[in-house]
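Below: the structure, in structure tokens.
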Amino acid sequence: MKFFIDTALLSEIEEAASLGILDGVTTNPSLMAKVGIQGQEAIYQHYKKICDLVDNNVSAEVISTDFEGMMKEADALAGIDEKIVVKIPMIPDGVKAIKKLSGMGARTNCTLVFSAGQALVAAKAGATYVSPFLGRLDDISMDSMEMLGQIVNIYQNYNFQTEILGASVRHPMHVITAAEMGVDVVTASLKTLKALFQHPLTDVGLEKFLADYQKSQK
Ligand SMILES: O=P(O)(O)OC[C@H]1O[C@](O)(CO)[C@@H](O)[C@@H]1O
């Protein structure tokens, strides 16, 4: 399973990369706004800084909602760095753009996916990644794990090459259940990624090993 970090904060990306388990970064307009990056030029410069921190896979989202606009933006975003994956919303013009871009060999991430049907369409269009949103479905009392299971089954049935990227991940159990299903990638906050490392018995056990070592040295 690949781990992406879901942030535009450079310090968090650096910290996650230093742990040695990071495979990429996802951002979205809300995350860019959160770190105070405004205006296209500043946003593109920030993407470049993010690309310099990781080996591959930096999802950068288009703002346009029409086919022509998305194609233009995709070209500009892909021009920033070869690590950029163009993130495109699951709307009819978005699907058209994904189909066109995949035919041109460009990598895409189909975002704002909330159903198995939408994921099926994204795969048919040739998206590199499909991003089903887990937490936001749970927030409206819908079963995100049921949707994720459906997507895994459908993709296996037809051997689709589109990778499933669990997004809107809120806690470690989202990651673990996704991993049990064989989901390809998750994108999560630094907090959630670090929570995967933790277990109280690890801390207690380490404390005891170190105390026993100290005693044996006296
Ligand atoms: O519900 P949240 O936590 O805002 O997450 C939204 C998700 O959308 C994305 O844009 C999809 O890649 C991610 O950045 C994020 O995981």
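Over all other residues within a Cβ to Cβ distance under 14 Å of Met1, the charged ones net out to -3, with Lys and Arg as +1 and Asp and Glu as -1. Helix-only arithmetic for the chain: the sum of -39500 (n - 2.57) across DSSP H runs with n ≥ 4, divided by the residue total, places the mean residue ellipticity at 222 nm at -16500 deg cm²/dmol. For the residue pairs Lys48/Lys191; Lys191/Lys218; Lys87/Lys191; Lys194/Lys218, the C-alpha atoms sit more than 29 angstrom apart in Lys191/Lys218; Lys194/Lys218. Along the Cα→Cβ direction, 7 angstrom out, place labels at Asn157 and Ile176. What is the inter-label distance in nm? Result: 3.0 nm between the two label points. Charged neighbours of Lys99, selected by a Cβ distance under 13 Å, balance to +2 (K, R count +1; D, E count -1). Spatially, the range 36-79 and the range 121-137 are offset by 19 Å when compared through their Cα centroids. Here the spin labels are modelled as points 7 Å beyond Cα on the Cα-Cβ line, and at Leu19 and Val204 they lie 2.4 nm apart. Take every Cα pair under 8 Å whose residues are at least 6 apart in sequence, average their separation, divide by the length of the range 2-216, and the relative contact order is 16 percent.
For the residues Lys49, Lys100, Lys208, a GNM of the chain with alpha-carbon springs under 10 Å puts the largest fluctuation on Lys208.
In the chain, the C-alpha radius of gyration followed by the widest Cα-Cα span (Dmax) gives 19.2, 74 angstrom.
Every read-out reported here was derived from the displayed coordinates using simple, explicitly stated rules and does not represent laboratory data. These figures come from a predicted structure and were not determined experimentally. Positions of Cβ are generated from backbone atoms using ideal geometry, with glycine treated the same way; all protein chains shown enter the neighbour counts.
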